[in-house]
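In what follows, a single structure is set out as structure tokens and then discussed.
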Amino acid sequence: MVSANLVLLIVKQTIHAIIALNNHMKEIVKNNVNSYRVKKNMTQEELAVKVGVTRQTIIAIEKGNYTPSVSLALKLSETFSVSVEKLFNIVYE
């Protein structure tokens with residue numbers, strides 16, 4: 001029979017291992033803005049005007065070089081009539 005102390009020790013070690021792995025993983029925000037924009041037959045300029053930013057901001061978002069604010073992400077999701085989760089997701093590498 002395994003003692004409660006041994007089980008607790010194993011659980012603690014497992015938690016520490018998971019934390020260590022997470023600390024070494026890079027968090028990246030991916031997006032589907034380009035594909036939704038193309039489906040709506042919108043130019044980057046048209047989308048930028050609709051959500052109140054510059055075309056360069058839309059370019060940066062689509063390339064993954066810029067993560068938008070919450071308000072901009074909400075405006076984009078509203079423009080495409082999809083949830084924010086369909087436009088943006090976090091991946092770990």
- Query: Within the stretch 32-53, how many residues are in contact with a helix residue (DSSP H, G or I) (Cβ under 6 Å, 6 or more places away or on another chain) and either closer than 20 Å to Asn89 by Cα or not charged (D, E, K, R) (or both)?
  - Reply: 9
- Report, ordered by the first and then the second residue, all pairs with beta carbons closer than 8 Å, sequence separation of six or more or different chains, a first member in the stretch 31-47 that is on the phi > 0 side of the Ramachandran plot, and a second member that is modelled with pLDDT of 95 or more and among the hydroxyl-bearing types (Ser, Thr, Tyr). none
- Message: Would you confirm whether or not the stretch 81-90 contains a residue that is on the phi > 0 side of the Ramachandran plot and not hydrophobic (A, V, I, L, M, F, W, C)?
- Response: yes
- When you go through Tyr36, Tyr66 one by one, which is the residue that is open to solvent by less than 90 Å² (accessible area, probe 1.4 Å) and at pLDDT 95 or above? Tyr36
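The values are calculated or read from the model by the stated rules, or taken from the named source; none is laboratory data. None of these values were measured; they are calculated from a predicted model. Here the Cβ is made from the backbone with ideal geometry for all residues, glycine too, and neighbour counts use every protein chain on show. Heads up: the accessible areas ignore ligands, DNA and RNA and are worked out on the full protein's heavy atoms, side chains in. Shrake-Rupley method; radii C 1.70, N 1.55, O 1.52, S 1.80 Å.
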